[in-house]
1. Order of 293, 165, 286 from fewest to most other C-beta atoms within 10 Å?
2. DSSP beta bridges in the chain, what fraction antiparallel, as a percent rounded to 5?
3. Output the peptides 192-200, 13-21 sorted from most to least packed, where packing is the average of other Cβ atoms within 10 Å over each peptide's residues.
4. Hey, what angle do you get for helix 137-153 against the long axis of the chain, alpha-carbon based, 0 to 90 degrees rounded to 10?
5. Would you work out the relative contact order for the chain, in percent, from Cα pairs under 8 angstrom that are 6 or more residues apart?
6. Please give the helix 170-181 orientation as an angle from the longest Cα principal axis of the chain, in degrees from 0 to 90, rounded to the nearest 10.
7. Sort 66-73, 242-249 for me by packing, meaning the mean count of neighbouring Cβ atoms within 10 Å per residue, highest on top.
8. Using alpha carbons only, how many angstrom separate the centre of region 122-186 from the centre of region 5-60?
Ligand SMILES: [Zn+2]
Ligand SMILES: [Zn+2]
């Protein structure tokens with residue numbers, strides 16, 4: 001089969017690879033499309049010690065079951081391969097399973113014509129579901145899981161909150177779209193890339209350049225979602241959040257920082273972390289995407305898998321307005 005293989009720092013090769021083995025309890029999928037995630041970019045930069053080259057990356061996908069009784073059925077997947085028996089798994093909090101692995105990390109991923117995966121990881125989708133909607137399930141579930149955690153921490157219903165999302169990448173944009181669909185009348189994004197600001201505005205969302213923003217915006221938001229996760233964005237998030245508000249940390253570009261513990265304490269800020277999604281979140285997200293809750297996803301771009309190396313470079317250089325590029329084998 002053909003695959004896009006991460007071969008070393010900033011190096012992607014489109015080449016022939018052996019067809020994947022299918023172990024006991026596994027199924028073979030023919031990949032329809034797979035999205036490039038921020039974590040794939042992170043690996044490509046050589047910054048992820050868990051993703052060791054040579055490796056087929058990619059964990060956001062829609063595909064078709066290749067063989068067996070349900071051959072031809074379209075599905076998406078939970079990319080986290082979990083043990084199913086630990087306390088977290090039993091509670092349905094699979095994202096915290098300490099024995100978890102992940103496709104595109106501890107086993108080959110979806111930037112290929114075919115991929116094998118445990119049958120227990122399959123997530124059913126309506127068979128008429130659009131390719132973009134289905135392929136966006138994973139990042140949209142990340143946004144949904146994060147907003148569910150926020151909802152539990154906010155003093156008032158989410159719909160009443162003034163929401164600021166930092167970073168108009170896919171997860172930031174999806175979080176903003178979901179917040180709006182959840183009734184938030186005031187949702188804005190802070191994004192330094194003008195192309196991405198324009199894309200967010202194309203979805204009817206307000207997008208501001210944080211470098212040009214007046215100080216009056218500080219301390220205004222009941223909920224601030226940091227979908228970047230750098231030292232600068234964490235500082236900006238803590239400035240933006242209102243006393244008694246919630247600061248949700250989603251992105252993880254780098255992790256060394258000092259937090260203003262004085263403001264956190266005296267202003268009674270709730271600081272939350274979030275990691276991926278549970279199987280229940282993925283199922284709920286499929287229903288939401290299919291119902292159009294996240295809009296038409298016109299901002300998603302599709303390219304051929306053979307052009308994957310250039311897609312990584314374009315994303316790195318900020319040359320595309322698309323917050324998500326799907327690669328189609
Ligand atoms: Zn992802
Ligand atoms: Zn487990």
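Here, each number is a calculation from the coordinates, and none is a lab measurement. Just so it is clear, the structure is predicted and the values come from calculations on it, not from any experiment. Methodologically, a virtual Cβ is constructed for each residue, glycine included, from the backbone with ideal geometry; neighbour enumeration extends over all protein chains shown.
1. By the 10 Å Cβ count, ascending, the order reads 293, 286, 165.
2. So the antiparallel bridges amount to about 50 percent of the total.
3. In descending order of packing, they fall as 192-200, 13-21.
4. Roughly 30 degrees between the two axes.
5. Relative contact order of the chain: 19 percent.
6. Result, in degrees: 60.
7. By packing density, highest mean first, the sequence is 242-249, 66-73.
8. The two parts, judged by their Cα centres, are 26 Å apart.
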